[in-house]
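A quick write-up on the structure given underneath.
The values are calculated or read from the model by the stated rules, or taken from the named source; none is laboratory data. Because the structure is predicted, anything quoted here is derived from the model rather than measured. Virtual Cβ from ideal backbone geometry, glycine too; neighbours counted across all protein chains shown. With ligands, DNA and RNA removed, areas are computed over all heavy atoms of the protein, side chains included. Shrake-Rupley method; radii C 1.70, N 1.55, O 1.52, S 1.80 Å.
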Amino acid sequence: QVQLVESGGGLVQAGGSLRLSCAASGRTFSSYAMGWFRQAPGKEREFVAAISASGVSTSYADSVKGRFTISRDNAKSTLYLQMNSLKPEDTAVYYCAADRHRTLITNLYEYDYWGQGTQVTVSS
């Protein structure tokens, strides 16, 4: 079992930056591939970024490529999402997720554990 707690959300103006964190507890964090997803009001949850267990491989949704960076610190059991050049359309609840396999995964239905989410609001 893995427990995930997101933090770092908030209100920011368009063009600004935020860094989300996801603290993990439970089994060995370094064994899990991790991902960030988001869900805007009235929309389905969507993939944002993913990282392999080792941190070597990453993947991004086209909508955030070049603006967001996913990273992890296995020694601190923490996942990060650096978000730059934020746009109003980035407004959503952001969730981190963990998968028991080491390989990077972008399909949300394959993830085993989820955090409660953190709200990100970008004003125009």
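Values computed for the structure shown
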read-out	value
Members of segment 5-32 that are buried (at least 23 other Cβ atoms within 10 Å of the Cβ) and small (Gly, Ala, Ser)	ALA24
PHE47, sole failed condition from (1) open to solvent by 20 Å² or more (accessible area, probe 1.4 Å); (2) more than 14 Å from the chain's Cα centre (by Cα); (3) of a type in the set (A, V, I, L, M, F, W, C)	(2)
Residue, most open to solvent (accessible area, probe 1.4 Å), within segment 33-44, restricted to residues that are charged (D, E, K, R) and more than 21 Å from SER17 (Cβ to Cβ)	GLU44
Of all residues making up segment 102-124, the number that are in contact with a helix residue (DSSP H, G or I) (Cβ under 6 Å, 6 or more places away or on another chain) and β-branched (Val, Ile, Thr)	1
